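The values are calculated or read from the model by the stated rules, or taken from the named source; none is laboratory data. Predicted, not measured: the structure shown is a model, and the values here were computed from it. Backbone-built Cβ (ideal geometry, glycine too); neighbour counts: all protein chains shown. In case anyone asks, the SASA skips ligands and DNA or RNA and just uses the protein heavy atoms, side chains included. Shrake-Rupley method; radii C 1.70, N 1.55, O 1.52, S 1.80 Å.
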Amino acid sequence: MTTTPSSPTLILIAGHWLGAWAWAEVLDHLNPSRAIAMTLPGLDGDDPERAAKTLDDQAAAILDVIARLGESGDQPSIIVAHSGANAPVSLVLDRHPERVHRVVWVDSGPVAPGSVYAPDLPEGVQELPLPPFDVLAQQASLDGLSAEVLERFRARAVPEPGPVLRQSVELTNDARRTVPTTLICCSLPSAQVLELARAGHAMFAEVAKLEHLDVIDLPTGHWPMWSRPGDLAEAIQSAAARTD
């Protein structure tokens, strides 16, 4: 990988049930020397111990990638986080905000201290598989996804580790809110997201506390890497080019 001190590398991290493979079409539109996709611990289907992975494991893996990029002479990285990747990325921002040049949330956003994705998930449940699409559609928009894409999603999805879903996201460092932030708003328009943030809605409350925020609207469903990959890549590049 060839980088320069003036060009932070994009680290693309997909949400629940997904690995680096989910970004393939987006990467086709990005500079290959400046963008990589990673699979979080627990979402590698070939890992026999994946069901025991935690949010701490995932945050540590992201920081390890950032450290390796730093050894190559790159600036602090730009993290592009989709959906449920917001929990481990929020931990990264809390623990080492100085290592992140910018965070780009793709139909996602920072979580609040103490957040737990599935607090009622029984301890005996080791993993949560991708639900039926009629159930999933009640939680997130499937707009723009063809039958072929949904079939691939089903075939390649890896069950989410139970410990990841039950772990509380402990955040104590207010400096996480100073990291320049871009929201790419897909299933909800940015105006509605900002209104909910100002109203203190639990899912968006942290957005109102960010010190350097800009928004990009990309109307589509919750998985824009499949429904509008070229447009998503353009939005990511636009965010990465900002200097604030």
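Scan the chain and note any complete DSSP helix (H) whose C-alpha atoms cover at least 18 Å along its axis and whose Kyte-Doolittle average is 0.5 or more. The answer, listed by residue number, is 55-71. Reducing region 5-80 and region 136-166 to their Cα centroids gives an inter-centroid distance of 19 Å.
Surface composition of the chain: carbon and sulfur make up 51 percent of the accessible area, probe 1.4 Å.
Only protein heavy atoms count here; on that basis, with a 1.4 Å probe, L27 has an accessible area of about 50 Å².
With helices as the sole contributors, the chain gives -8500 deg cm²/dmol at 222 nm; each DSSP H run of n ≥ 4 counts as -39500 (n - 2.57), and the sum is divided by every residue. Site pair D28 and A199 shows an inter-label distance of 3.9 nm when each label is modelled 7 Å from Cα along Cα→Cβ. Excluding ligands, DNA and RNA, the accessible surface per residue across the chain is 44 Å² with a 1.4 Å probe. Across the options S227, A51, V100, the greatest Cα extent toward the positive end of the charge dipole of the chain (unit charges at beta carbon of Lys, Arg, Asp, Glu) belongs to V100.
Taking GluC sites (Glu not before Pro) that fall in a DSSP loop and have at most 14 other Cβ atoms within 10 Å as cut points, what is the longest piece of the chain between them? With GluC sites (Glu not before Pro) excluded where exposed in loops, the chain gives 50-122 as its longest stretch.
The calculated FRET efficiency for the pair A241 and V125, based on their C-beta separation and a Förster distance of 35 Å, comes to about 0.25. What you get for the chain, charging only the Cβ of Lys and Arg (+1) and of Asp and Glu (-1), is a dipole of about 340 debye around the Cα centre.
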